Amino acid sequence: MRNKVLLVILYLLIGSYLLAQDIPAEQQELIEALLQDLESDGDFDFNTLFETLQYYQTNPLNINTATEEDFRELGLLSDIQIADLLQHREQTGEFLALFELQALDTFSESLIQALLPCFTVKSDVDDYQRSIKAMLQEGKNELFLRWMRVLQEARGYTEDVSETSRFQGDRNKLYLRYKHGYENKLSYGFTAEKDAGETLFKAPNKAGFDFYSAHFYLKDYKDKIKAIALGDYSVTLGQGLLMHTGFGYGKSALVMNIKKSSRKIRPYRSVNEVGFLRGAAATIKLNEQLEATAFASYNGKDGNVILSEDIASGLDDALLGFTSLLISGMHRNENEILDKNAIRQLTMGGNLTYSGKDWRIGLNGVYDSFNQELQRRVSPFNQFYFNGKSNFNASVDYNLNLRNFNLFGETAISKGGGLATLNGMLVSLDRKVDLAVLYRNYMPDYAALNANAFGETVGVRNENGLYFGLVIRPTQNLEWSSYFDTYEHPWLRSQADAPSKGYDWRTKLRYFKKRDFEAYIQLRYEAKEMNSPNNTTATDFLTTRENFQMRLRIAKKVNPMIELRTSFDLGYVQFGSDSERAEGTVLLQDVVFKPLSSPWSFSARYALFDTDGYAIRFYYFENALLNTFSVPAYFDKGSRFYLNVRYKGIQNLMIEARYDQTFWTNRDRIGSGLAEIDGSLRSSVWMQLRYRF
């Protein structure tokens, strides 16, 4: 395999540029970069990120009237870039065209290309206040129908497993969504989804699909109502030490995007079955300097339940508690169905924000209560984790702008007295140089059930660290970005049976020329202390796991119809100096074909990968159907291929199809457990319809 890779690398590097059918290249790279930095067992909601990007492509922001909060909600801009844009608008007046963004020092050409689908330019006359009735009647409607099926049969569908473990539904995955929206002011709709293996219109889903979600959302209505959400929604308070549901940034190739800054209340439109609130929320402007937010949610949660031996009286009476919350959203067999919505969680909270022209301070509080007691299986590393039925957190957050400095942070306390604090600074040192600094200190006994703040590991606890990020733009076509983060864990953690420390860095040099050519090289290195995998003694000891990856990407638009992109990755993972390195490479080619006068368009990928196992893996964003995405891990030895086809020859209707397959040369079984497939090939087919009216 390595020889084959070397033989074709010179040809493939001649390849050129890909801009995905719907997700710009910069946004694809953001998703890939974020996923590379996650713990393998982490909980991360990429569905919410993707839904946000897709929403703003169909409901673009008017940059002449959008507020600071609106730009933050988009999630692609740092606070320095937002301040630069707002200052330019104040000094020169309304934008006449989107390409005026090139006048902003902090906006690179590639960033502008990523933003163009999400921005629009209109005058103030176009944004006068509409009544709710008018927005309900005059908005746009969208209906999605999607089907997907893995062609190979997994073990969970066969007679080889017990009756309680066998999947009760068929292998089809179904999705239905309706959404009505009026610009960025009002939105309502519903989503229904059935995963493969789940039943449809039969027990236990006699009402049809396994998962339903619905929302109604109104923002910036008249003078007092900043936001109202009914049904399913997300909440962000401060920097996420108390509450941040949905997608949240961490370390990535966008080294300045370390600050959580968006509207406190947002609608939830994702198919992810965890990480959202269900109930009602509102943000009200009390006066020019004071606004208040309140929310309440009562939602079912999947949990590993503890049952008494006698359940004849009913499930609720037999419940003795639960050991953990589940995040897969799968309800395919008796065991998974038993855990579905077995736990009820009440969440209430609020925020009071007092602000001036260049500063803001907020008070936050969140209360959580379960109907059953959380009783974790106690291990040395998790003895400080939350156990019980209720928890309360409070915090103070702040934001201060001083000329070209932006200072921000949050300090929080939990019910048991644990403390957590995060403080950061974004500064424009020069029109070509930006700097980010962030310090965090999370005590081992700090417990917050809805937290999602900047950090090395999942969960805001047991960590302190210092982060530096730097962006330099020496010319209009060249950008260099880097970060360095050092951290330590004062208490034990999963896979580290002693206090531990580590550091990581990333550097990226990027060259781009208009829309025609782009190339970058990115290096990433991490050194983290973990339990030694080669230990044979009775006591675990720590060793340093090194992880290095390099990515080279060369891209060019061949002509108005054909776009290509070539990527090459290599890397290694090593546990201690006395262990053998696990090495790997990936080489892939993407093609997008969009005939100018035809309703048909196509995109495809072919990839070769050769790694020494799952320990050294590479993540790539895949161009999929509209409103869908895939970021699989490439590992072991084999190849991957996909083809997307789109037809838009019928008014208001779009039809899409996709076929993908992965072939491994060193495996005769794929997956594990009930998802195991007998063989070396895994393939799937997709179909989707979108109707706008």
**Prompt:** If you check every pair at least six apart or on different chains, which have Cβ atoms under 8 Å apart with a residue in the stretch 654-671 that is surrounded by fewer than 14 Cβ atoms within 10 Å (Cβ to Cβ) first and a residue that is outside any strand (DSSP E or B) and of a type in the set (A, V, I, L, M, F, W, C) second?
**Reply:** Thr665/Met1
**Complete:** Over the stretch 428-470, the set of residues surrounded by fewer than 22 Cβ atoms within 10 Å (Cβ to Cβ), of a type in the set (Ser, Thr, Tyr) and within 17 Å of Ser494 (Cβ to Cβ) is Thr457
**Message:** Looking at (1) modelled with pLDDT of 95 or more; (2) over 20 Å from Arg72 (Cα atoms); (3) acidic (Asp, Glu), which one does Asp397 not meet, given that it meets all the others?
**Reply:** (2)
**Fill in**
Log entry, pairs with first residue in the stretch 449-468 being at positive phi and among the acidic types (Asp, Glu), second being surrounded by fewer than 23 Cβ atoms within 10 Å (Cβ to Cβ) and in a loop (DSSP other than H, G, I, E, B), beta carbons closer than 6 Å, six or more apart or on different chains, reads none
**Message:** Being at negative phi and over 29 Å from the mean Cα position of the chain (by Cα) is the requirement here; does Gln129 meet it?
**Reply:** yes
**Message:** Filter the stretch 633-643 down to the residues that are under 23 Å from the mean Cα position of the chain (by Cα) and touching a residue at least 40 places away in the same chain (Cβ under 8 Å) and list them by number.
**Reply:** Tyr634, Phe635
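Given the structure, is Thr164 of a type in the set (Val, Ile, Thr) and over 24 Å from the mean Cα position of the chain (by Cα)? Write out each step before concluding.
Values: of a type in the set (Val, Ile, Thr): yes; over 24 Å from the mean Cα position of the chain (by Cα): yes.
Spelling it out, Thr164 is indeed of a type in the set (Val, Ile, Thr) and over 24 Å from the mean Cα position of the chain (by Cα).
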**Request:** Out of the residues in the stretch 58-91 that are among the polar types (S, T, N, Q) and not in a helix (DSSP H, G or I), state the one that is surrounded by the most Cβ atoms within 10 Å (Cβ to Cβ).
**Result:** Ser78
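Inside the stretch 161-221, counting only strands (runs of 3 or more DSSP E) that do not spill past its ends, which hold 1 or more residues that are buried (at least 16 other Cβ atoms within 10 Å of the Cβ) and acidic (Asp, Glu)? Break it down into steps so the answer makes sense when it comes.
Values: elements: 172-182, 186-194, 211-221.
Qualifying strands (runs of 3 or more DSSP E): 186-194, 211-221.
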**Asked** Quick one: how many residues across the stretch 641-652 are surrounded by 14 or more Cβ atoms within 10 Å (Cβ to Cβ) and either aliphatic (A, V, I, L, M) or over 23 Å from Glu153 (Cβ atoms) (or both)?
**Response** 6
**Prompt:** Do any residues in the stretch 580-603 that are surrounded by fewer than 18 Cβ atoms within 10 Å (Cβ to Cβ) have Cβ atoms under 6 Å from those of residues that are assigned to a strand (DSSP E or B) and of a type in the set (Lys, Arg), where the two are at least six apart or on different chains, and which pairs are they?
**Reply:** Pro599/Lys648; Ser601/Arg646
**Request:** Return yes or no: is Leu145 under 30 Å from the mean Cα position of the chain (by Cα) and aliphatic (A, V, I, L, M)?
**Result:** yes
**Asked** Among the residues of the stretch 92-112, which ones are over 18 Å from Asn257 (Cα atoms) and assigned to a helix (DSSP H, G or I)?
**Response** Thr92, Leu98, Phe99, Glu100, Leu101, Gln102, Ala103
**Request:** Could you check, for the stretch 368-381, whether at least one of its residues is touching a residue at least 60 places away in the same chain (Cβ under 8 Å), under 28 Å from the mean Cα position of the chain (by Cα) and not in a strand (DSSP E or B)?
**Result:** yes
**Message:** Tell me yes or no: at least one residue of the stretch 514-536 is touching a Lys or Arg at 6+ places or on another chain (Cβ under 8 Å), buried (at least 18 other Cβ atoms within 10 Å of the Cβ) and basic (Lys, Arg).
**Reply:** yes
**Prompt:** With Arg263, Arg269 as the choices, which residue is touching an Asp or Glu at 6+ places or on another chain (Cβ under 9 Å), closer than 15 Å to Glu69 by Cβ and charged (D, E, K, R)?
**Reply:** Arg263
**Prompt:** Restricting attention to the stretch 301-315, which residues are closer than 12 Å to Ala342 by Cβ and modelled with pLDDT of 65 or more?
**Reply:** Lys301, Asp302, Gly303, Asn304, Val305, Ile306, Leu307
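Could you list, in sequence order, the residues of the stretch 584-603 that are of a type in the set (A, V, I, L, M) and assigned to a strand (DSSP E or B)?
Start the filter on the stretch 584-603 by keeping residues that are of a type in the set (A, V, I, L, M), which leaves 586-588, 591-592, 596.
Within the stretch 584-603, Val586, Leu587, Leu588, Val591, Val592 qualify.
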**Request:** Give the residue, chosen from Asp590, Asp569, that is assigned by TED's automatic domain parsing to the domain that holds Phe512, at pLDDT 95 or above and within 27 Å of the chain's Cα centre (by Cα).
**Result:** Asp569
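So that you can scan it fast, the table gives a plain yes or no per residue for (1) in contact with a Lys or Arg (Cβ under 8 Å, 6 or more places away or on another chain); (2) modelled with pLDDT of 95 or more:
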{"residue": "Gln137", "(1), (2)": "no, no"}
{"residue": "Lys140", "(1), (2)": "yes, no"}
{"residue": "Trp147", "(1), (2)": "yes, yes"}
{"residue": "Tyr157", "(1), (2)": "yes, yes"}
{"residue": "Thr164", "(1), (2)": "no, no"}
{"residue": "Phe167", "(1), (2)": "yes, yes"}
{"residue": "Asp170", "(1), (2)": "no, yes"}
{"residue": "Leu174", "(1), (2)": "yes, yes"}
{"residue": "Gly181", "(1), (2)": "yes, no"}
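Taking the residues in the stretch 477-500 that are touching a helix residue (DSSP H, G or I) at 6+ places or on another chain (Cβ under 9 Å) and closer than 28 Å to Glu518 by Cα as candidates, determine which candidate is surrounded by the most Cβ atoms within 10 Å (Cβ to Cβ). Walk me through how you get there before you give the answer.
Looking only at the stretch 477-500, we keep the residues that are touching a helix residue (DSSP H, G or I) at 6+ places or on another chain (Cβ under 9 Å), and these are 477, 479, 491-497.
Filter once more, keeping what is closer than 28 Å to Glu518 by Cα: 477, 479.
Numbers: Asn477: 16, Glu479: 21.
So, considering only residues that are touching a helix residue (DSSP H, G or I) at 6+ places or on another chain (Cβ under 9 Å) and closer than 28 Å to Glu518 by Cα, the one surrounded by the most Cβ atoms within 10 Å (Cβ to Cβ) is Glu479.
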**Message:** For the stretch 603-632, give me each residue that is more than 20 Å from Asn666 (Cα to Cα) and over 26 Å from the mean Cα position of the chain (by Cα).
**Reply:** none
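Before we move on, is Val458 assigned to a strand (DSSP E or B) and either modelled with pLDDT of 95 or more or of a type in the set (A, V, I, L, M) (or both)? Quick ask: steps written out before the conclusion?
Values: assigned to a strand (DSSP E or B): no; either modelled with pLDDT of 95 or more or of a type in the set (A, V, I, L, M) (or both): yes.
For Val458, the condition - assigned to a strand (DSSP E or B) and either modelled with pLDDT of 95 or more or of a type in the set (A, V, I, L, M) (or both) - is not met.
For the stretch 677-691, enumerate the residues that are touching a residue at least 60 places away in the same chain (Cβ under 8 Å) and either more than 23 Å from Met330 (Cα to Cα) or exposed (fewer than 15 other Cβ atoms within 10 Å of the Cβ) (or both). Break it down stepwise before answering.
First, the residues of the stretch 677-691 that are touching a residue at least 60 places away in the same chain (Cβ under 8 Å): 677-679, 681-691.
Hits for the stretch 677-691 are Asp678, Gly679, Leu681, Val685, Met687, Leu689, Arg690, Tyr691.
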**Request:** For the stretch 218-233, enumerate the residues that are within 21 Å of Thr245 (Cα to Cα) and of a type in the set (D, E, K, R).
**Result:** Lys219, Lys226, Asp232
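The values are calculated or read from the model by the stated rules, or taken from the named source; none is laboratory data. Remember, predicted model here, so these are calculated numbers, not experimental data. As a convention, Cβ positions derive from the backbone with ideal geometry for all residues, glycine included, and neighbour counts pool all protein chains shown.
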